[in-house]
Amino acid sequence: KNTSTLFQPLTIRNVTLRNRIIVSPMCQYSVAPSGTDIGKLTDFHIATLGHYAIKGAGLVFIEATSVQPNGRITPNCPGLWSDEQIGPIKRVVDFVHSQGGLCAIQLGHAGRKASTVAPWVASKYRRERGYGPGSVRSTSDVGGWPDNVVGPMGGEEETWDGLSNAENGGYFAPRGLTLQDIEELVQDFGRSAARAVKAGVDIIEIHSAHGYLLHQFLSPVTNRRTDRYGGSFENRTRFAKEIIAEVRRNIPRDMPLFFRVSCTDWLEGSEAEKKFGGSWDVESTIRLAKELPDLGIDLLDVSSGGNHKDQNMEDFRKKDYQTSRAGRIRQAIRKEGTQLLIGAVGLITEADDARELVQGAEGGNLAEEAQIAKELTQANSKDSGPKADVILVARQFLREPEWVLKVAWQLGVEVAWPSQFARAKFSLK
Ligand code: FNR
């Protein structure tokens, strides 16, 4: 009998995940940088994402996909700013569906962290071009757009490290977005979402984490605008909320919408925080989270960091550095009755940890889960229950595409294996 919430289905609006394990969005830097295939997913995506679906993942994410050409993280990242980019996404989605899986796409814009290169290219350039150790830039000769990098604020000071690029080869100095640029961006998020619907995706996620454009607006460290998009919490969150509303307007009412946030800049007590009069932290995230359901967000995907070089992630090697914060946020919003699902991500590699994170969460068989939750609370009264409703896993899937099947076996849960692989099935005692 399956007593693991992890392997119980979860219904969000009209979509039912077969389990609570999601393949987290991962850039593959494998898309054509220019020409007619610019921004289009390839057979590589069908092979990799398709394989996760074959091997039982509840939901498979297509990586950060940009709503404008200059919002790509690297020239080899995908986009959805044109109708021509729909077809290749549909091929991936159709294949995932053919394997009984579900497919989501993450829509975003890299803002001041755009026009970089894939990690393996960065190391090559450091060797060959003498770039500094922090260098990630993609110059125009290799497909980059140094003159068209944008952010909430403009100028050298707004690069990641605030130093001249000529000297260290870091990020490019952005141009500050005008009110008209902002309006166009909001609309482009909506247009890309409509294209994603045409491509057949089941779920859309808005990328507001890791120091990319939406996060840049949220944090006072990277947003010191003096218009209605900067200053107060209300103003700094306005851009994200307008995007959420526009995306919601462009997708079916019964399609789930996720929002990925960096729950903290990791700048508490830092010089940067003092200099800029605050940073984005867990409290800010909780405050925003409470407003999300009314805007049409179903799930908050809790990541962290990526917005400032002084981030202090000293405990980022502890396995719960991030998932514990997801738990704090879930507890805080549930206490007030906020109906928002929480996704936990970061360093999840073991079956028992995966199980424990979501054990007792609602959905699926409610009666059974209430009983499990009760038993769990009695067994460990210190534990306040589930930390999340779903888990997202990135690197472990790169190591073990069959991780879902292994976890099921380790937890003693019977799951279907694809017929073609059935002769290799782990057998339950
Ligand atoms: C990532 N990550 C990431 N996150 C995101 O929101 N959009 C993205 O496109 C990417 N791209 C990406 C590529 C690669 C190769 C890795 C390893 C990671 C972050 C990822 O989704 C996840 O949040 C972190 O990797 C932490 O989870 P794990 O790896 O500890 O399970």
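Rule-based calculations on the coordinates, nothing more; no lab input. Remember, it's a predicted structure, so these values are computed and weren't measured experimentally. For neighbour counting, all protein chains shown are included, and Cβ atoms are generated from backbone atoms with ideal geometry for every residue, glycine included.
If a spin label sat at a point 7 angstrom from the Cα of Asp315 along the line to its beta carbon, the backbone N atoms of region 270-289 nearer than 20 Å would be those of 270-271, 273, 279-287.
Quick one: of Lys309/Lys335; Lys113/Lys274; Lys55/Lys241, which pairs are farther than 26 Å apart, Cα to Cα? Could the numbers behind the result be given before it?
Working: Lys309/Lys335 34 Å; Lys113/Lys274 23 Å; Lys55/Lys241 36 Å.
Cα-Cα > 26 Å for Lys309/Lys335; Lys55/Lys241; rest within.
Counting only the Cα atoms, region 218-356 fills a convex hull of 123 Å³ per residue. Candidate cross-link partners of Lys290 among the aspartates and glutamates, defined by an alpha-carbon separation under 18 Å and a same-chain spacing of 8 or more, comprise Glu205, Glu234, Glu242, Asp281, Asp298, Asp301, Glu336, Asp389.
Considering every pair of different Cα atoms, what Kirkwood radius, in Å, is found for region 91-146? Before the final figure, lay out each step's value.
Details: mean 1/r = 0.0723 Å⁻¹.
By the Kirkwood definition, the hydrodynamic radius is 13.8 Å.
Here the sum of -39500 (n - 2.57) over DSSP H runs of 4 or more residues, divided by the residues of the chain, equals -10500 deg cm²/dmol at 222 nm, to the nearest 500.
Between Phe61 and Val23, Ala104, the built amide H atoms are under 5 Å apart, and every one of these is 5 or more places off in sequence or on another chain. Using only Cα coordinates, the Kirkwood hydrodynamic radius of region 62-182 works out to 15.6 Å.
Residues of region 9-49 with amide nitrogen under 11 Å from the 7 Å Cα-to-Cβ point of Arg127? The answer is none. Centroid-to-centroid, using Cα positions, region 295-353 and region 29-88 are 26 Å apart. Summarising the label geometry, the points placed 7 Å from Cα in the beta-carbon direction at Asp141 and Glu234 lie 5.1 nm from one another. Translational diffusion of the chain was estimated from the Stokes-Einstein equation, with Rh taken as the Kirkwood radius over Cα pairs; at 10 °C and 1.306 mPa s the coefficient is 72 µm²/s.
Under Stokes-Einstein, with the Kirkwood radius over Cα pairs as Rh, the value for region 141-217 at 4 °C and 1.567 mPa s is 90 µm²/s. Here the 3J(HN,Hα) profile of region 21-36, calculated from phi with Karplus coefficients 6.51, -1.76 and 1.60 at θ = phi - 60°, is 9, 10, 7, 5, x, 9, 4, 10, 6, 10, 10, 4, x, 7, x, 6 Hz, Gly and Pro shown as x.
The phi-based Karplus calculation (6.51 cos²θ - 1.76 cosθ + 1.60; θ = phi - 60°) puts the 3J(HN,Hα) values of region 281-291 at 9, 4, 4, 4, 5, 4, 4, 5, 4, 5, 8 Hz, whole numbers, x for Gly and Pro. Remark: region 171-179, residue by residue, has Karplus-estimated 3J(HN,Hα) of 5, 7, 6, x, 9, x, 6, 7, 4 Hz, where x stands for each Gly or Pro and the curve is 6.51 cos²θ - 1.76 cosθ + 1.60 at θ = phi - 60°. Less than 5 angstrom separates the built amide H of Leu257 from those of Asp298, Leu299, all sequence-distant by 5 or more or on a different chain.
Pairs of alpha carbons in region 1-152 separated by more than 26 Å make up 35% of all such pairs. What is the list of residues in region 36-61 whose amide nitrogen lies under 13 Å from a point 7 angstrom out from the Cα of Trp120, following Cα to Cβ? Once the point is set 7 Å along Cα→Cβ of Trp120, nothing inside region 36-61 turns out to lie under 13 Å by backbone N.
Give me the base-10 log of I(q)/I(0) for region 60-122 at each q in 0.22 Å⁻¹, Debye formula, one uniform scatterer per Cα, rounded to two decimals. For region 60-122, the Cα-only Debye profile gives -0.89. Working ranking of peptides 408-417, 48-57 by packing, defined as the average number of other Cβ atoms within 10 Å per residue, highest first, is 48-57, 408-417.
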